[in-house]
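Quick notes on the structure that follows.
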Amino acid sequence: MSLLIDGIGELFTADKERTVHHDAAIVVEDGRIAWVGHRRDRPEADEYFDARGNAVIPGFVDSHAHLVFAGDRTAEFAARMAGEPYTGGGIRTTVTATRAAGDAQLRETCARLTAEMLRQGTTTVEIKSGYGLTVEDEARSLRIAGEFTTETTYLGAHTVPHGTDPDEYTALAAGPMLEACAPHAKWADVFCERGAFDGDQARAVLTASAAAGLGLRVHANQLTAGPGVRLAVELGAASADHCTHLTDSDVDALANGDTVATLLPGAEFSTRSPYPDARRLLAAGARVALATDCNPGSSFTSSMAFCIALAVREMRMTPAEALEAATAAGADALRRNDIGRIEVGARADLVVLDAPSHVHLAYRPGTPLIDTVFRAGTAVS
């Protein structure tokens, strides 16, 4: 069966030129894009969908999210809004609640948040562990995450549990915990930061994870300048995430390597921290992605559209740059070329906006602009 999506007022393909087409149409066959062009040249198809002059964009690719958790950190957020600084220590609060929760509770939270994301146009999401921090709890977190995405990330090295020796915990995360979690994970991540894992500890976990066959990601340079970005590039990590505090050598490393700089403006919004300088990274030639960092403590948003608006307003990105960062560049951060783009052969993950242009995502922040979501060519929202 083939589907013709016709009447597209504006089509944002998310190629590297950020091309915009007008009066376009798309044909989908077997869940993939089979044809893209001007509507005057559209072929026949078995089924028809009228976009009614609205804009069509790729489905959002959220390449950084923490969705397997329990508990609530509303009080922590309120305290930050009253002036208390963010230090990252609240992770342990969620760890305590997550360990105490049953599988059904964790599964329900993950299901609710992924459904919420889908309604808002996110058709691919990466989900991390990191709120268990025991061998058993990390492994079950990844098993649950795997029910909702193929992009699962082992984050046993999220923080050192209270009362635990950091080097002993690093050995656990690089050894028995990794061994138990690797069968359920595609990626491994480490929070390389002051108060979490230093460069040597992060290297130990990442190199062991690579040897176990996992791809690499790094929480890097969120709170301070440090070794995280350069370590990510050196080890060939797919992404270095946060990238808030960068030296010139960090920017050069990202510009000259294959590691995507994934920026998470929801975290800066929620913690009242300085935003990353996206313009500096783009000017240097670095590949820049956007993601939500959806988590219960420092960025409890599931909205990629909100992150696009923040990137445009606070990080000096153009609307086209921000949208490409939230789609094709997010796919690159997952080392995927079958999603995040509207091109022949790509999976037909498409979002019809209730707006004539992609610019409205930043122009009308906070407004529900998602009309219809297609995943693999099927309307799902």
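Dipole of the chain computed with +1 at Lys/Arg Cβ and -1 at Asp/Glu Cβ about the Cα centre; of 290, 26, 142, farthest Cα towards the positive end is 290. Expressed in Å, the radius of gyration and Dmax of the Cα atoms of segment 1-142 are 21.6, 60. Look at the alpha carbon pairs under 8 Å that are at least 6 residues apart: their mean separation over the length of the chain gives a relative contact order of 20 percent. Each 10 Å bin from zero up to the one holding the largest Cα-Cα distance in segment 128-194 carries the following percent of pairs: 24, 57, 17, 2.
Relative to one another, the C-alpha centroids of segment 217-245 and segment 94-120 are positioned 27 Å apart. A compact globular protein would have a Cα radius of gyration near 2.2 N^0.38 Å; the ratio found for segment 310-367 is 1.20. Taking the empirical scaling 2.2 N^0.38 Å for compact globular proteins as reference, segment 120-245 has a Cα radius of gyration ratio of 0.98. For segment 1-41, the spread of Cα positions along the three principal axes, ordered from largest to smallest, is 31, 21, 13 Å. Summarising the label geometry, the points placed 7 Å from Cα in the beta-carbon direction at residue 75 and residue 46 lie 5.7 nm from one another.
Keeping all protein chains in place, calculate the accessible area per residue for segment 293-381 (probe 1.4 angstrom), answer in Å². Per residue, segment 293-381 has 35 Å² of solvent-accessible surface.
When +1 charges are put on Lys and Arg Cβ atoms and -1 charges on Asp and Glu Cβ atoms, the dipole computed for the chain relative to its Cα centre reaches about 460 debye. If you roll a 1.4 Å probe over segment 7-54 with all protein chains in place, what percent of the accessible area is carbon or sulfur? So the carbon and sulfur contribution to the accessible surface is 39 percent.
The Cα-based radius of gyration of the chain, divided by its Kirkwood radius, gives an Rg/Rh of 0.98.
By the equivalent-ellipsoid construction on the alpha carbon gyration tensor, segment 212-293 comes out with semi-axes of 19, 15, 11 Å, ordered largest to smallest. Based on every Cα atom in segment 192-232, Rg and the maximum pairwise Cα distance Dmax equal 10.0, 30 Å.
For segment 285-381, the orientation-averaged shadow of the C-alpha convex hull comes to 7.1 nm² (one quarter of the hull surface). Of the accessible area of segment 269-346, computed with a 1.4 Å probe over protein heavy atoms only, carbon and sulfur atoms account for 51 percent.
The values are calculated or read from the model by the stated rules, or taken from the named source; none is laboratory data. Computed from a prediction, not measured in an experiment: that's the story for all the values here. So basically every Cβ, Gly included, is an ideal-geometry build from the backbone, and we count neighbours across all protein chains shown. Protein only, heavy atoms only, side chains kept; ligands, DNA and RNA dropped before computing areas. Shrake-Rupley method; radii C 1.70, N 1.55, O 1.52, S 1.80 Å.
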